[in-house]
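Right, one structure below, let's go through it.
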Amino acid sequence: MSNSVIVTGITLAYMAIMLWIGLRARSQNGSSLESYAAGGRHVGVIVLFFILGAEIFSAFAFLGAPGWVYKNGAPAFYILAYLTLVPIMLWLVGPRVRELGSKRGYLTHGDMLSDHYSSKPLGIFAGVVGVAASVPYLTIQIAGAGLLFEAATDGLVPFWLGALIALVVTTVYVFCSGLNGIGWTNLVQGVMMIAIAWFLGVAIPNNIYGGVGEMFSQIQQQAPEYLTMPGANGMGWGFFTTAILISCFGGWTWPHMFTKLYTADSGKSLRRVSAMYPLYATLLVPLMFIGFAGILVFADTPLDRADTVLLKLVMDVAEFSPWIIGLMLSGALAAAMSTGANLAHTAGVVLVRDVFGATFMRNSSDQAAVKVTRWSVVGISVLAYVVALLNPSSLVLLLLGAFGLIAQLVPMTLGALFFPSIKRNSAMAGAAVGSVVFLVFQFAIDSPLGWHPGVWGLLSNIVILSLFQLVASKSTEDDAAELADTSIQKSGAQS
């Protein structure tokens with residue numbers, strides 16, 4: 001039996017188990033949209049920890065993060081920096097979001113914005129932005145699964161087929177079981193991928209260099225630029241800092257994060273999860289070791305695609321047995337599948353609830369909404385698969401771009417949660433201008449000062465929102481003054 005067949009067999013067996021677990025959860029799932037989308041709002045600490053943790057441990061963690069380290073070196077630590085800040089935001093806003101969701105029946109981010117600002121168009125806008133940002137994030141998971149399959153099976157399972165297999169498995173159990181299927185599979189997959197990450201992070205440097213400490217000593221001697229800022233490729237402090245900021249702000253505003261906050265059984269559970277959340281960030285450290293391990297190994301023959309550094313080291317350099325490679329592939333696929341399931345599920349819910357539900361499905365029954373949501377999950381997943389086939393150049397850059405767009409919802413979201421004086425028109429104008437500015441600097445014009453384009457969008461967003469607020473305040477004062485003058489005139493006439 002060839003090594004490729006062994007690897008493929010182990011991986012397919014693992015995926016079959018995940019499919020079985022996901023489908024078994026169907027019996028616990030009701031027919032209502034609230035049950036399909038929010039699990040009845042009674043998800044406890046442990047399952048919620050693994051559901052939210054899946055947002056970190058994705059194909060980005062196993063492929064993108066090591067690739068970014070291999071390519072740039074020290075600047076990749078922006079990932080650890082922002083992952084220590086996101087829990088602070090979750091601690092502050094999570095219980096409030098959960099409370100509002102429970103009281104008013106919210107299921108999506110757009111539900112809250114639409115209700116608070118009394119604006120269906122604003123809810124639709126939030127829904128469109130949420131889905132548009134989720135597709136590239138989902139694409140990362142599908143593309144990562146394809147890369148993993150192709151490399152680990154030595155081409156026996158090509159990229160397109162590997163991505164398709166992972167897509168079909170996750171789509172089937174999300175279609176059938178909703179959040180319950182995601183929760184139980186993420187719990188199992190979370191344990192799997194954590195164990196694999198630590199094993200690879202320690203074993204690869206040990207096999208190649210004799211240990212992590214020796215690896216860094218050799219890098220310091222032969223390629224010290226990878227251990228300092230701005231790194232090997234001149235990633236300046238401007239981009240480094242703004243990448244942290246935009247990832248922190250955008251990290252808690254993702255529609256799948258909001259949807260999962262609504263599922264918690266209590267605000268206390270959310271605060272406990274927030275306190276535990278940084279544990280996942282520390283688990284990215286061994287995966288970063290893998291990126292550093294590739295710096296000297298591929299110094300003379302650089303990789304065409306940095307995202308493949310983990311795969312190349314496991315397959316061609318570290319000389320693991322096919323059984324270990326099969327388990328490695330399963331663990332990495334667990335990361336891609338767990339996050340992909342979350343994203344596809346939420347994008348389907350958001351599309352139906354915020355966009356379709358506010359337009360041509362206004363009078364539809366709950367059962368009809370669940371049915372359309374399930375098929376929306378399929379449609380969005382297929383769209384992301386098509387984008388993945390276009391072979392995006394960098395998983396990290398793809399994710400950073402998505403963060404820049406979703407961060408434009410931050411000001412209006414904070415307004416809905418903590419600043420009720422912010423007007424609807426101010427929030428809408430700020431988000432619209434911020435999104436346009438981000439898209440221009442992302443795709444048309446080089447971002448000034450080398451900053452992340454999303455930060456310029458967010459700054460423009462805040463400026464426009466503030467200007468609209470000043471105009472509204474001035475208008476209110478003028479109206480009040482005019483009303484007072486009219487009252488005085490009437491009083492004088494009566495006298």
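Computed on segment 16-156, with alpha-carbon pairs under 8 angstrom and 6+ residues apart, the relative contact order is 20 percent.
So, by mean Cβ neighbours within 10 angstrom, what's the order for 114-127, 272-285, 343-356 with the highest one leading?
On the way: 114-127: 20.6, 272-285: 18.1, 343-356: 27.6.
Ranked by mean Cβ neighbours within 10 Å, highest first: 343-356, 114-127, 272-285.
Classify segment 317-391: rounded, prolate or oblate, from the alpha-carbon gyration tensor (a ≥ b ≥ c, eigenvalue square roots; a/c under 1.5 rounded; otherwise prolate if a/b is larger than b/c)?
Working: a/c = 4.67, a/b = 2.92, b/c = 1.60.
Prolate, because a/c is 1.5 or more and a/b exceeds b/c.
Mind counting lysine pairs for me in the chain? Cα separation below 21 Å, and the two need to be 8 or more apart along the chain or on different chains. Can you show the working numbers first?
Details: LYS71/LYS312; LYS103/LYS120; LYS103/LYS260; LYS103/LYS268; LYS120/LYS423; LYS260/LYS268; LYS260/LYS371; LYS423/LYS474.
Summing the qualifying lysine pairs gives 8.
Okay, helix-only estimate at 222 nm for the chain: each DSSP H run of n ≥ 4 adds -39500 (n - 2.57), divide by all residues, round to 500 deg cm²/dmol; what do you get?
-25000 deg cm²/dmol
Estimated from the Cβ-Cβ distance and a Förster radius of 45 angstrom, the FRET efficiency linking GLN220 and LYS120 is about 0.15. The convex hull around the C-alpha trace of the chain, projected and averaged over every direction, spans 26.1 square nanometres.
Summary value for segment 3-403: 39 percent relative contact order, contacts being C-alpha pairs under 8 angstrom separated by 6+ residues. Helices that extend 18 Å or more along their long axis by alpha-carbon positions and average at least -1.0 on the Kyte-Doolittle scale are, among the DSSP H runs of the chain, 3-24, 78-104, 120-152, 159-209, 237-251, 285-297, 322-350, 366-389, 424-443, 453-494.
Take every pair of alpha-carbon atoms less than 8 Å apart whose residues are at least six positions apart; their mean separation over the length of segment 84-208 yields a relative contact order of 10 percent.
The numbers here are math on the coordinates, done by the rules we state, and not lab data. Not measured: the values here are computed from a predicted model. As a convention, Cβ positions derive from the backbone with ideal geometry for all residues, glycine included, and neighbour counts pool all protein chains shown.
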